[in-house]
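A.B. asks: Okay, here's the structure, questions in a sec.
The values are calculated or read from the model by the stated rules, or taken from the named source; none is laboratory data. Predicted model, so just to flag it, every value in this text is computed and none were measured. Note that we place each Cβ from the backbone using ideal geometry, even for glycine, and neighbour counts take in every protein chain shown.
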Amino acid sequence: MTKLHRLPEFPFIQRCEKNDLVEKLLEIIHIHQLNDRILKEENERLKGKIAELEHTPKKPQIRPSTIEKPRSDAKKPKNRKSKGSKKNRISIHDEVVIKPKIIPEGASFKGYRNYLVQDIAIKSFNTCFKIERWQTKEGTYLKGTLPPEYQGSHFGPNLQAFIIHQHYQARVTQPRLHDQLKAWGIEISAGQLNHILGMHTAKLEKEMAEAVDVGIKHSSFVQTDDTGARHAGKNFVCMQIGNQFFTRFITCKSKSRLSFLENLRRGQNYLMNEDSIDYLKQHGTLKQVQLAERIQGQELEEEQFQEYLNRGGINSNPSFKEAAIIGILSKELGKAYTVLSDGAPQYNVLNHASCWVHAIRLLEKEKPIKNEKVDLVLKKLRFLYHHLKRYKVRPTELFKKRLRRYFDKICSLKVGSNHFEAALNRFSENKEDLLRALENPEIPLHNNGSENDIREYVIRRKISYGTRSDLGRRTRDLFLSLIKTCSKLGVNFWHFLINCISFKESFPRLANIISTTS
């Protein structure tokens, strides 16, 4: 595009300097200014028309969503609460009295002025356990037993926890971590360090599975998102499932609906019920509906269900399996259980809710260059969104009806842009998904929780790229899940690691914490 040059300032002409020629030139300049203004307006209109006709921008510029920004007329908090003194939260490990170099005769002691210094002691601490061996009269040998936290490894629980904490929470790569430990006098090989990172996976997977199971049952919703992943040199998908109690990352081959439902099933049996049959009538075939009616009400284990699929000749079609998982989930969690997502079709199961931020973003993509009616519609939708947030705090039946009517009123507006009106119609079709919080105010209006959770995985992918072994994939997913879950429950991840590795039963399990806080 050619850059337009700015016109110089027009000089002031005295009345005595004006003659017929000057008057004529001024009239011509005035006409050119009017024509220029008309052409600019026509140019802007044509640009908007071209954008509508082409509908294929080369590089879309998606601005950050403004839906969560506070309104200009919102009241600001008057007073902020004091953070409090840090000294009250700091434990004192040593006290040192410092006297003046010279105390003159006759001086009186007036107490102390405390000067607090925080420091850290980093040093190796090696222990040699002398295990006694005794021989009885019968010739058998007796020997002492190591404490549980020291069995199976020549590296103590504190060192193991430090390695796991540094690698997964501090994001230190294995080579740098190995160099760090060697510099501190720890004799450890790269293979031993790698072994420590995965040696507690099986035990902690049970802990995480219990937390996920309790977290799903003690909430009325889960929210989900996904991102790309690399494993064994191939493209995989990392799927996030969570709510206010937990976060679980699962790296799998596909982000299909069946894959999501399998992760949500958590190893339970399969069940065909009325919800399953209704699902098959929409997404399956007549044969599948007939096969489902034969086993309606029966809970089948994995092997039994797979055998039934093989006999029916429908093993390759995922709809039947999806219906069986929906059946067991609707029985366990209820029909009102909600799945919140960014609107991706594979997550549209059970009682689905859509993210307002993503929905508004899709409308903003179809916005013409200059259209005041479109701007008004977007302004009204943001106004509706802020009232939905108010409803979640104080829900009433009258407020709910007003919000539903206001939603319908906005979506019926005509703006003079075919593409935007088509997008607004699609927005209106998702009315029930967008207004799901009216039925259950506990459900969030957006999917930012999942996006914030999955950002940790994206950062890890940028640092370490991918995994090679299945154990490495499971371990990475597990510890990233534990870090996020501990953060949501207000549990110190370092203390959690120490207690799990040291076999201390006094520390509460994550599932118990969820049960008591819900």
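A.B. asks: What single numbered condition from (1) in contact with a Leu (Cβ under 7 Å, 6 or more places away or on another chain); (2) assigned to a helix (DSSP H, G or I) fails to hold for Ile498?
C.D. replies: With (1) in contact with a Leu (Cβ under 7 Å, 6 or more places away or on another chain); (2) assigned to a helix (DSSP H, G or I) applied to Ile498, the lone miss is (1).
A.B. asks: Somewhere in region 119-137, is a residue among the hydrophobic types (A, V, I, L, M, F, W, C), under 30 Å from Leu264 (Cα atoms) and within 37 Å of the chain's Cα centre (by Cα)?
C.D. replies: No, region 119-137 has no match at all.
A.B. asks: Moving to a separate point now. Given the structure, is Asn310 free of Cβ contacts under 8 Å to residues at least 40 places away in the same chain, assigned by TED's automatic domain parsing to the domain that holds Ser220 and buried (at least 16 other Cβ atoms within 10 Å of the Cβ)?
C.D. replies: Taking the combined requirement at face value, the residue does not satisfy it.
A.B. asks: Name, by its number, the condition in (1) closer than 30 Å to Lys462 by Cβ; (2) in contact (Cβ under 8 Å) with a residue 24 or more places away in the chain; (3) surrounded by 18 or more Cβ atoms within 10 Å (Cβ to Cβ) that does not hold for Leu177.
C.D. replies: (2)
A.B. asks: Restricting attention to region 354-371, does a residue exist that is basic (Lys, Arg) and modelled with pLDDT of 90 or more?
C.D. replies: Yes: one or more hits.
A.B. asks: Can I ask one more? Please specify each residue of region 442-472 satisfying the condition of being exposed (fewer than 15 other Cβ atoms within 10 Å of the Cβ) and either part of a loop (DSSP other than H, G, I, E, B) or within 14 Å of the chain's Cα centre (by Cα) (or both).
C.D. replies: Answer for region 442-472, where residues must be exposed (fewer than 15 other Cβ atoms within 10 Å of the Cβ) and either part of a loop (DSSP other than H, G, I, E, B) or within 14 Å of the chain's Cα centre (by Cα) (or both): Glu442, Asn452, Arg455, Val458, Ile459, Tyr465, Arg468, Ser469.
A.B. asks: If you don't mind, another one. Does region 426-462 hold any residues that are within 25 Å of Tyr391 (Cβ to Cβ), hydrophobic (A, V, I, L, M, F, W, C) and in contact (Cβ under 8 Å) with a residue 60 or more places away in the chain, and which are they?
C.D. replies: If the condition is that a residue be within 25 Å of Tyr391 (Cβ to Cβ), hydrophobic (A, V, I, L, M, F, W, C) and in contact (Cβ under 8 Å) with a residue 60 or more places away in the chain, then Phe427, Leu434, Ala437, Ile443, Leu445 are the ones that fit.
A.B. asks: Okay, moving on. Can you confirm whether Glu372 is acidic (Asp, Glu), farther than 17 Å from Glu429 by Cα and either assigned by TED's automatic domain parsing to the domain that holds Glu421 or in contact with a Gly (Cβ under 8 Å, 6 or more places away or on another chain) (or both)?
C.D. replies: Spelling it out, Glu372 is indeed acidic (Asp, Glu), farther than 17 Å from Glu429 by Cα and either assigned by TED's automatic domain parsing to the domain that holds Glu421 or in contact with a Gly (Cβ under 8 Å, 6 or more places away or on another chain) (or both).
A.B. asks: Can you tell me which residue within region 127-169, out of those that are surrounded by 10 or more Cβ atoms within 10 Å (Cβ to Cβ) and among the small types (Gly, Ala, Ser), is farthest from Leu482 (Cα to Cα)?
C.D. replies: That would be Gly144.
A.B. asks: Restricting attention to region 273-286, and to residues there that are within 15 Å of Gly334 (Cα to Cα) and under 32 Å from the mean Cα position of the chain (by Cα), which single residue is surrounded by the most Cβ atoms within 10 Å (Cβ to Cβ)? Write out each step before concluding.
C.D. replies: Filtering region 273-286 for residues within 15 Å of Gly334 (Cα to Cα) gives 273-276.
Filter once more, keeping what is under 32 Å from the mean Cα position of the chain (by Cα): 275-276.
Details: Asp275: 18, Ser276: 29.
The residue in question is Ser276.
A.B. asks: Quickly run through region 370-425 and pick out the residues that are in contact (Cβ under 8 Å) with a residue 24 or more places away in the chain, under 30 Å from Leu53 (Cβ atoms), assigned to a helix (DSSP H, G or I) and not aliphatic (A, V, I, L, M).
C.D. replies: Lys373, Lys380, Arg382, Asn418, His419, Phe420
A.B. asks: I've got another one for you. Taking region 210-241 only, how many residues are part of a strand (DSSP E or B), of a type in the set (A, V, I, L, M) and out of contact with any Gly (no Cβ under 9 Å at 6 or more places or on another chain)? If you could, list the steps in order and put the result at the bottom.
C.D. replies: First pass over region 210-241, keeping only residues part of a strand (DSSP E or B): 221-231, 234-241.
Next, only the ones that are of a type in the set (A, V, I, L, M) stay: 222, 229, 237, 239, 241.
Still in the running and out of contact with any Gly (no Cβ under 9 Å at 6 or more places or on another chain): 239, 241.
So the count comes out to 2.
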